1. Could you please give the count of residues in the range 162-174 that are farther than 15 Å from Arg148 by Cβ and exposed (fewer than 10 other Cβ atoms within 10 Å of the Cβ)?
2. Scan the range 158-188 residue by residue and report those that are over 17 Å from Ala48 (Cα atoms) and of a type in the set (Gly, Ala, Ser).
3. Restricting attention to the range 117-124, does a residue exist that is assigned to a helix (DSSP H, G or I), farther than 21 Å from Leu236 by Cβ and at pLDDT 95 or above?
4. Can we say Gln128 is modelled with pLDDT of 95 or more, assigned to a helix (DSSP H, G or I) and either more than 16 Å from the chain's Cα centre (by Cα) or farther than 22 Å from Arg30 by Cα (or both)?
5. List the helices (runs of 4 or more DSSP H) that sit entirely inside the range 131-250 and contain at least 1 residues that are free of Cβ contacts under 8 Å to residues at least 60 places away in the same chain and farther than 16 Å from Gln78 by Cα.
6. For residues that are within 26 Å of Arg142 (Cβ to Cβ) and of a type in the set (Gly, Ala, Ser), scanning just the range 210-250, find the one that is most open to solvent (accessible area, probe 1.4 Å).
7. Would you point out the residue of the range 81-104, among those that are of a type in the set (Val, Ile, Thr) and in a helix (DSSP H, G or I), that is surrounded by the most Cβ atoms within 10 Å (Cβ to Cβ)?
Amino acid sequence: MKFSELDDKMRVFETAHDHCVLPGIYIVVRLDGRCFTTLTKDKHSFEAPYDLTFRDMMVDTVKHLMQCGFNVVYGYTQSDEISLLLNLNENTFDRKERKLNSVLAGEASAKFSLLLGDMGVFDSRLCQLPNKQLVIDYFRWRNEDAHRNALNAHCYWYLRKEGVAPKEAAAAFSKLSVSEKNEFLFQRGINFNELPSWQKRGVGVYWQSYGKEAMNPLTGEVVNASRKRLYTDTELPMREQYSDFIAEFL
């Protein structure tokens with residue numbers, strides 16, 4: 001059998017289940033760290049519940065993903081997760097799901113591992129969102145989740161640092177309301193509202209335009225050229241203001 005015949009015969013088994021995201025559908029890629037609790041708390045002992053070095057590694061990973069060949073208009077990270085909003089007309093790999101997931105998971109894993117000096121692995125999944133409101137709702141969901149996680153994490157790790165066992169520390173807050181958790185922290189000298197915004201809301205990364213002097217090679221004139229660079233936003237808004245903020249990218 002000729003190679004071309006063999007290639008045609010076998011290629012179908014590799015591509016038969018290819019699914020592509022339809023045109024006109026927004027794509028949000030969500031990546032999550034695999035076994036990051038063990039990696040960051042047991043193996044590398046990052047500060048709990050939040051660590052600036054770990055945060056910056058996640059932000060640098062987001063920036064890498066926004067410059068590795070895909071048209072990403074907004075990146076967001078909180079805890080060990082990343083969300084990427086692709087341009088509506090992004091057509092890399094013909095919008096094949098398996099290619100988007102495998103390449104972005106591989107890029108994220110490779111970049112984070114280099115930053116950490118150890119193996120850090122991400123999984124990836126696609127959210128296919130048919131309208132702008134669902135894109136806004138997605139990022140509102142992750143923003144609200146960051147707030148919930150921050151409150152729970154600060155309560156949990158306060159007890160853990162006092163020597164309380166993990167299961168007991170988790171059980172202590174399982175039935176408490178948000179106000180009760182806030183009061184628990186306040187009674188111990190922690191005003192949750194005054195904690196850094198990035199812990200409670202996550203971090204956004206997006207493109208900003210700026211002017212830069214350049215020389216016109218034809219005329220020798222000095223002109224003001226427009227360039228783009230990535231901006232890291234650690235002071236994201238919340239609730240309806242965050243909805244309006246996300247709408248600007250759409």
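The values are calculated or read from the model by the stated rules, or taken from the named source; none is laboratory data. Fair warning: this is a prediction, and the values are worked out from it, not measured in the lab. All Cβ positions, glycine included, derive from the backbone under ideal geometry; neighbour counts span all protein chains shown. We work out accessible area using only protein heavy atoms, side chains counted, and drop any ligands, DNA or RNA first. Shrake-Rupley method; radii C 1.70, N 1.55, O 1.52, S 1.80 Å.
1. Going through the range 162-174 one residue at a time, the tally reaches 3.
2. Within the range 158-188, Ala171, Ala172, Ser174, Ser177, Ser179 qualify.
3. no
4. The answer is no for Gln128.
5. 132-161, 166-171, 178-186, 239-247
6. Ala247
7. Val103
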